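Okay, structure first, notes after.
Derivation of every value follows stated rules applied to the coordinates shown; laboratory data play no part. Quick caveat, the model's predicted, so the values are computed rather than measured. Using ideal geometry, Cβ is built from the backbone for each residue, glycine included, and neighbour counts are taken over all protein chains shown.
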Amino acid sequence: MSDSRAARVREALITGARRYVGPRRPPVALAGAVLAAAGSFTPWATFFFGYPGKMTLAGFPGGARTYVLVLVAPALACLTRLPGRRSASIAGAAGALAVSAGNLIAIANRGGGLGAVAYGAWLATAGGLLLVAAAVSCPPDTAPELAERRRPAPVEQAAVAVSLALVLAFVWYGLGVDEPTRFASFVATVAFAAGAVAGLGVTGWLEALYQRHRTVTLVASALAAVAFPFTQDGTAQWIRVFTYIGILAAAAIGLNVVVGLAGLLDLGYIAFFGVGAYVAALVSGAGVTTSHIVLPFGVAMVLGACVAAVFGVVIGAPTLRLRGDYLAIVTLAFGEIFRIVVNNWNSVTRGPNGLSRIPHLALGSFDFGEPHRVLGVMLPHFSNYYFLGLVLLAWVILVFTRLNDSRIGRAWVAIREDETAAAAMGVNTVRLKLLAFAIGAFLAGLAGTVNAHFGTQVSPEQYTFLDSVTLLAAVVLGGMGTVPGALIGSTALILIPEKLRAFQDPRLLLFGLALVLMMRFRPEGLWPSSRMKAELHHDEEPAP
Amino acid sequence: MARLVQQLINGTVLGATIGLIALGYTMVYGIIQLINFAHGEIFMIGAFSGLYAYNHLIPEALRQNVAVTLPLVMLAAIVASTTVAVLAERLAYRPLRNAPRLAPLITAIGVSIALQEAIRLFYPGGKNRQSFPRIISGDTFQIGGVTIAWTSVFTVVTAVVLMLALEAFVNRTRLGKAMRATSQDPETARLMGIDTDKVIVVAFMLGGALAGVAGVIQGVRFTAIDFHIGFLAGIKAFTAAVLGGIGNIRGAVLGGFVIGIVEALATEYLPRGSDWKDVWAFVVLVVVLTFRPQGLLGEQVAVRS
């Protein structure tokens, strides 16, 4: 009922904006831009660590004010004739408003009331409001045709390289932003700017380019990934974080086979990761352990993955004929059973204490526990695991894409779309679902074996329901059924909490809300597969 | 013998709470085929609201008076649980009514985490265990070597009475008839002039109210609550609902009793039983879904794709 009420209010607001702001759009937008720009050069806060003077551009809240300037540019798209100008300018203007108002609130909150807010913040917020009004008053968009146009191959390849370099630069810059409010502003700015760029059709164009120039894209991304540890001046912090991201992303892609391709919701997936980790730990010759078998890591990897796959089949075989949501709950139950068993089976898993002092890997004389000097750069020992993680990730991605493009992958999609129809077409649904389960479990087990050595200890509290949900959220957030989606999802879910130490406490709250909001407004994820997008928005008109 | 009877009684009491929560799962699933994963959290919120009412709304002079505290604490729990359940339906689930099946389930998980965290962060002292007042006398009485607490009697009586009331509501009233019709075929029900949105809200309200009552009972029986209690209780209750046959009101309560008794007996008779006590609900869930997914009493849901 009130959904339509909300829609009516929205309609009325848009009509109002068109009627009253529409004819005066250029002056309103310009005034907004001038106000926002003025705001970004004037003081925002009347306090700064007890310093009574008013701050300027370089002062508190530092970067946030330059971010407003960055967002004003796309907000002015409503003055141009570009296709997609309306969505682009709405994204830019909303971003400018969000960053200014958000910082205004943060300043008032920290400074003990609105008295702490200086006029600059008010100017920027007012400017943001005007920009939003102007953007909303824009006539509806025409679809951007950027994606269809072709340019000479070298130009396109250069565009691929430049865009990837830009992404890298943003990540690098973001890692250096330490102050939490500022980092939040940065993330918001990137998100809204990305929205604006997508509105103009640039993202679609780039996606097409990545498809056309796959080799260039792959080589450039691989180079960037390999180069990363060399840019860290020998400090381990971010290398460690990105190693973990890599391992988790590998597991997330494995989950993507199960959830994204075959459409089976698995809520206990972390158990397979845990099986792999425990198997690897048991045969690693760990310092604190219950077994005295020591196997080379290569064997341990295969063994861990295979044991996990066997578990996958054992769990899947009796349950896969269930309805989708029942299956989800059964997998959840299995995940919890795994955790409880590991917690209580003292003679093998040492219960809640777990197995620890797992030795670092050694390949011949190459010790993963030691820092190494490569090309004159000292790489901390985590970079060894970083590169191992990269190899793992690359292999998992290869497996995923080959599966996706194969007969098996198409059969999975058919099952996901309509199991009955797929069975009628001669797809052996039970066997294929079981295969998806086993492959997903295998990949998770593989990632688990690496994680056991990287983390040097395994214990039951690493494999809780919340960890399963985190992996699932990585897949859902990024976009079900795509590799970039799983990568973006795992990166965002680990990197953002890592940066926002101040938000460590409400991390899970935001996480829960994010799941709800994603499902509500963008169920296809940040990087949707085209198939999924079509499926989830079938009731909407295609863009005119 | 006395030991066995004692455990049967303990299990029945445990099962009564589970059954109360299971009623909410079974009604919501019966009508919109949604596993309302956040339902365990609704129960937890009921417990915390009851506690809040006791500590902050009831004058200290009246706290010893059961006739005042019990209804007020129950009322606070019911109001809070119902409100949260309806808000979740309204804001999170309803917009996804026609989305693919997995989307609402993921949303439900998100709601569940968010509610848990909201209590942990915003309830005063919510990060730690909170002691819950023993509103009803903690006294026990003996029958043939078996010890029974008055709280246990209260628990079982409340659960059975509420189940009967709910069944009467569903079978005898106009709104109950509308609920049954909607659960059989929402499209046709709408064509017959039933406001299905209202029916769904009512299902969430009733489920929320029962979970709120269960929350207070849990607090009274264990005299301590924390923000985690919803997860396990929710899983056990869902298991009970499936075990009894989802969509089936008597089945949900029966399932609750079975789970409770299995857990009590396993804890008592198996070696290191108490370490494994939470595993049985999961094992029962897996076994039931594998061998008899329609439950003991048969489900009353039309299977739709």
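Structure notes:
- Charge dipole (region B:232-305, unit charges on Cβ, about Cα centre) - positive-most of B:Ala266, B:Ala241, B:Trp276: B:Ala241
- Chain A: relative contact order as a whole-number percent, Cα under 8 Å and 6+ apart: 16 percent
- In plain terms, the residue of A:Phe242, A:Phe338, B:Phe122 with the fewest other Cβ atoms within 10 Å comes first and the most crowded comes last, giving B:Phe122, A:Phe338, A:Phe242.
- Inter-chain Cβ neighbour average for residues B:97-107, partner chain, 10 Å: 6
- Legend: ranking of residues A:Lys499, B:Lys127, B:Lys236 from fewest to most surrounding C-beta atoms inside 10 Å; resulting order B:Lys127, A:Lys499, B:Lys236.
- Built amide H within the under 5 Å cut-off of B:Gly245, gap 5+: B:Leu296, B:Leu297
- Dipole magnitude for the protein assembly as shown: computed about the Cα centre from +1 point charges on Lys and Arg Cβ and -1 point charges on Asp and Glu Cβ, it is near 1160 debye.
- Projected-area mean, region A:142-214, by convex hull of Cα positions, square nanometres: 5.4 nm²
- A helix-only calculation puts the protein assembly as shown at -22500 deg cm²/dmol for mean residue ellipticity at 222 nm, using -39500 (n - 2.57) for each DSSP H run of at least four residues, averaged over all residues.
- Relative contact order for region B:2-291: 39 percent, from Cα pairs under 8 Å spaced at least 6 residues apart, divided by residue count.
- Value of Rg/Rh across region B:2-291 [Cα atoms, Kirkwood radius]: 0.97
- Cut-off under 5 Å, modelled amide H: who pairs with A:Met480 long-range: A:Ser529
- Among A:302-311, B:41-50, A:176-185, the order from most to least packed when residues are scored by Cβ within 10 Å on average: B:41-50, A:302-311, A:176-185
- In Hz, Karplus ³J(HN,Hα) per residue of region B:240-246 (6.51, -1.76, 1.60; θ = phi - 60°; x = Gly, Pro): 4, 4, 5, 4, x, x, 5
- Among the listed pairs A:Lys433/B:Lys236; A:Lys433/A:Lys499; A:Lys499/B:Lys127, those with a Cα-Cα distance over 32 Å are A:Lys433/A:Lys499.
- Under DSSP loop assignment and at most 15 Cβ neighbours within 10 Å, longest GluC sites (Glu not before Pro)-free interval of chain A: A:146-539
- Taken along the Cα-to-beta-carbon direction at a fixed 7 Å, the label points for B:Arg172 and B:Phe222 span 3.5 nm.
- All other residues whose Cβ lies under 15 angstrom from that of B:Ala165 are scored, Lys and Arg at +1 and Asp and Glu at -1, for a net of +1.
- Size of charge dipole - region B:2-291 - debye, nearest 20, with Cβ of Lys, Arg +1 and Asp, Glu -1, no other charges: 260 debye
- Degrees, to the nearest 10: A:119-136 long Cα axis against longest axis of chain A: 90 degrees
- Built amide H within the under 5 Å cut-off of B:Ala224, gap 5+: B:Phe132
- Between 0 and 90°, nearest 10: helix B:66-87 axis offset from chain B longest Cα axis: 30 degrees
- Per-peptide average of other Cβ atoms within 10 Å, ordering A:214-222, A:75-83, B:207-215 highest first: B:207-215, A:75-83, A:214-222
- Crossing angle, helix B:39-52 versus chain B [Cα axis fit, 0-90 degrees, rounded to tens]: 50 degrees
- Residue of B:Asp275, B:Asp226, B:Asp195 that the Gaussian network model of chain B assigns the largest fluctuation, springs spanning Cα pairs under 10 Å: B:Asp275
- In Hz, Karplus ³J(HN,Hα) per residue of region B:5-15 (6.51, -1.76, 1.60; θ = phi - 60°; x = Gly, Pro): 4, 4, 5, 4, 5, 4, x, 4, 5, 4, x
- As a proxy for reagent exposure, ranking A:Thr289, B:Thr188, A:Thr243, A:Thr464 by other Cβ atoms within 10 Å from fewest up yields B:Thr188, A:Thr464, A:Thr289, A:Thr243.
- With the charge dipole of region B:2-291 set up from +1 on Lys and Arg Cβ and -1 on Asp and Glu Cβ about the Cα centre, the Cα lying farthest toward the positive end among the listed residues B:Ala103, B:Ser183, B:Thr158 is that of B:Ser183.
- Residue among B:Ile249, B:Ile143, B:Ile113 with the largest mean-square fluctuation in a Gaussian network model of chain B, springs linking Cα atoms under 10 Å: B:Ile143
- Paramagnetic label reach from A:Ser406 (point 7 Å along Cα→Cβ; backbone nitrogen cut-off under 20 Å): within region A:468-493, residues A:481-484.
- Whole-Hz couplings from phi, Karplus 6.51/-1.76/1.60, listed for region A:163-173; x for Gly and Pro: 5, 5, 4, 4, 4, 4, 4, 4, 4, 4, 4
- For chain A, taking the reciprocal of the average inverse distance between every pair of different Cα atoms yields a Kirkwood hydrodynamic radius of 25.6 Å.
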